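Single-structure report; data block below.
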Amino acid sequence: MTEGEFQEFLITVGYRYNAKTKTGFNTFEGFHSLIRFLSSENRYSLTMNAVSDDLPRLAEKLKGFGTENKLFISKAYYKDKQIRMNIKMTVDSDIDREHLKNVTRFITELCKSGIITPVCRVCSKNKTTGVYIIGSDLMPVCDKCIIRKQKQYERRRDMFIKKKQNMAAGIAGALFGAALGASVYVLLYQLWSGYGIWAGIIISCVFGGYVVAGKRATKLSAVICEIIAAVAFAAAEYAALVANMAIAIERNGGGIVVTEAIESTNTVLSSTYESLNNVILNLLIGFGVMIIIGVIYFLKRAFTRPLKISKNLL
């Protein structure tokens, strides 16, 4: 099902479509139900923010409906104040479209049943809510919470605008963070060598150092920090091996000689395939973790960029 077909289908079941979030929404008796088509997982996800004083009855009702319609429906999440229904199905047949129509009718009946009470997504209180785009998500939020979020957004936006990136200071901060993370790794190498974890810690220190010193992050800073963190991790890995070798030599009564430890480490790495292979594998794992964290940082930049908030879509 294409986005255009999904949009047309939503109209047939009485939902409005928001292109920015690719989500349909409907309002009935104070409830806001959201429906999103997850093409990568080949399913629909329906969400409604509500609470219930009779969770066993609600769970039984959801289970009964899912069994009757041969659908997979997840149970109610009271902790998150949400009723979430994940409908797994193929999405191109007329039968499946009819199933989804049944789901939307079931939601309407659920709203009338009195089992559930509509609540705000943020404060989880039973108040009149509107539908807002906050960041990339569609949310039912009450007036009080949206005013508070709007003020937070404006404050962060002003701070974001006022901040001017100081790349030189940011790089210096990133180098300090790299040195700090790498030093701790070398010191604790004997106790715990969780390579992927340490790579994550080092790059987090690098990103943190850049943001604190440079004041404002950019996509270019993510690339710079990745390079600094990769070099720092590789250097820390080698330094940890040399330190480990120095300790072994000292325990055998040879005294601590740094040059001897370096030469012995190089000899082991060049002559022992297994040792070199382990080092390369550890570095690859660490670089992989760094790339994942870097991509998240590159896309989100959550430390400096505020979430945008739309007007009420109702």
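The values are calculated or read from the model by the stated rules, or taken from the named source; none is laboratory data. In this text the structure is predicted, and so the values were computed from the model without any measurement. Cβ placement follows ideal geometry from the backbone for every residue including glycine, while neighbour counts extend to all protein chains displayed.
Applying the condition of being within 18 Å of K112 (Cα to Cα) and in a loop (DSSP other than H, G, I, E, B) to the range 13-40 and asking which residue is modelled with the lowest pLDDT yields V13. All told, V141 falls short of being surrounded by 13 or more Cβ atoms within 10 Å (Cβ to Cβ) and over 30 Å from H32 (Cα atoms). Residue selection: L241 satisfies the criterion of being more than 30 Å from the chain's Cα centre (by Cα), modelled with pLDDT of 75 or more and in a helix (DSSP H, G or I). Mind listing just one residue for me: the one in the range 161-209 that is at pLDDT below 85 and of a type in the set (F, W, Y) and, of those, nearest to V295 (Cα to Cα)? Once the filter is applied, the top-ranked residue is W198.
Out of S113, S136, one residue alone is within 22 Å of T21 (Cα to Cα) and either at pLDDT below 90 or of a type in the set (V, I, T) (or both). It is S136. Of all the criteria given as (1) surrounded by 15 or more Cβ atoms within 10 Å (Cβ to Cβ); (2) at pLDDT below 80, the one not satisfied by G214 is (2).
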